[in-house]
Amino acid sequence: MKKKILVLTMSKIQSVYEANRVEEEAKKMGLEVNRRIYREMRFDLAKNKVFIGNDEVCPENYYGVWFRVAGTISGKYVEGRNLMIRMLRDKMFLANSEGYLNWPRMGKISQHGVFIANNIPVVGTKIFYTKEQVMEAKERGELKFPIIVKHERGYQGKSVRKIEGAKGLDKFLKRVDEVNLGMYLWQDYLPTKWDIRVPVIGGKAIGAMKRIAVGKEFRSNFSLGGDVENWELSEADRELAEKVAKVCGLDYCGVDIMKDLENTSYILEVNRACQFQGFEKATGINVAKTVIEMITGK
C-alpha cells in the first residue's frame, strides 16, 4: 500500500480550505491524503492497533497525522485523538502531540498560565469568579474602560466583547450567569485595531500577516471581515512566536501578536489548529506545502 498522510476533521466541511489545500499540494508532490472524520476512528487495545475506517494507522501505511479541531461537548474525540497519540507517537509523526497530551483543551486561561510561567508578555488580564469581585475591581479603579471581555474557549473572535463603560458592564453582568463568570478573561484594551498572525510550522515562523479591523468593528479576524496584508516580521517577534510554539509543545500553530501605541509586543493567544486562507492570500506563502514537508520529512 502506498503511504499516505492522514488528515482528521470533525466533519467534511470543517477546515475545508485547509484540507483541500493540503490535498492539492500533496498531489503535486506525488503524495496521497486520506481525509477522514474523527468518528471513523476505532481502536483494538488488546492488539495495540489503531484504525481509521478499515485502514490500520501504522508507519507502513501513513507518514503521519495532521489533526484539526476535535472538540465536542462530551470530549470523546479529544480522548480518541489523544489515545491515538499515545499509541503511535513513537512510530510516526503526529502533529502537536506534545501539546495535545499536556493540554487536551488548551483554552485561553491555560495558555496564559503557560505564557506567564515562561516570561512571555501578555496584555493585562484579570479573571473573576463572582460579580461582586468585578464590581469591587471597578470601584478600586482596576477596570479601565473600554475593556475587552472574552470567553476562554471562544474562537475566531466570536466571543470577544468590548465594554465601553459602567452601563455596558452592568448589562454584561446581568446577562452572564455567575456560574460561568470564571470562564471569561478581562483584558486591557489596546487601541491599535490590528494584530499580527504568525504561523509556526516545525518550530519555524514562516512569515506574518497583519489583520486589520474594518469600520466600527474592533476585532481584526479575517473570518469577521478584517483586511489582511503581508507583514515584515521583525527578528524579535519571530523569536517570540517560535518561543510560544516551543513552550506549548506545538509543531503547527498560529501565534497572535498585538502591539500597543509604543510598539511593544504582547501575545494574545496561540491557535493550534489555525486556519490559513487569509495568510496565503496576504503573503503568497504556501502553508499547505510546508505542512506536508513537516509531516513527511521531505
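The values are calculated or read from the model by the stated rules, or taken from the named source; none is laboratory data. Not measured: the values here are computed from a predicted model. A quick note on method: Cβ atoms are made from the backbone with ideal geometry, for glycine too, and the neighbour counts reach across all protein chains shown.
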Failed item in (1) more than 22 Å from Pro191 (Cα to Cα); (2) free of Cβ contacts under 8 Å to residues at least 60 places away in the same chain, with Glu262 passing the rest: (1)
Lone qualifier among Gly113, Gly80, Gly141 - being farther than 22 Å from Gln275 by Cβ and assigned by TED's automatic domain parsing to the domain that holds Leu250: Gly113
Total residues in the stretch 158-194, condition closer than 23 Å to Thr264 by Cα and assigned to a loop (DSSP other than H, G, I, E, B): 6
Gly154, sole failed condition from (1) among the small types (Gly, Ala, Ser); (2) under 18 Å from Asp256 (Cα atoms); (3) at pLDDT 95 or above; (4) surrounded by 15 or more Cβ atoms within 10 Å (Cβ to Cβ): (3)
Those residues of the stretch 5-48 which are more than 23 Å from Arg86 (Cβ to Cβ), part of a loop (DSSP other than H, G, I, E, B) and either charged (D, E, K, R) or touching a His at 6+ places or on another chain (Cβ under 9 Å) (or both), in sequence order: Lys12
Lone unmet requirement of (1) at pLDDT below 95; (2) crowded, with 20+ Cβ neighbours inside 10 Å for Val7: (1)
Failed criterion for Ile116 (all others in (1) in contact (Cβ under 8 Å) with a residue 12 or more places away in the chain; (2) closer than 30 Å to Val179 by Cβ; (3) out of contact with any Asp or Glu (no Cβ under 9 Å at 6 or more places or on another chain) hold): (1)
The stretch 1-41: number of residues that are aromatic (Phe, Trp, Tyr) and under 21 Å from Asn286 (Cβ atoms): 1
Matching residues in the stretch 98-135 - criterion: being among the acidic types (Asp, Glu) and surrounded by 13 or more Cβ atoms within 10 Å (Cβ to Cβ): Glu98
Out of Met106, Met87, sole residue that is assigned to a helix (DSSP H, G or I) and in contact (Cβ under 8 Å) with a residue 24 or more places away in the chain: Met87
Per-region count, the stretch 12-36, residues surrounded by fewer than 16 Cβ atoms within 10 Å (Cβ to Cβ), over 18 Å from the mean Cα position of the chain (by Cα) and at pLDDT 95 or above: 7
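Taking the condition modelled with pLDDT of 95 or more and more than 18 Å from the chain's Cα centre (by Cα), does Ile285 pass?
yes
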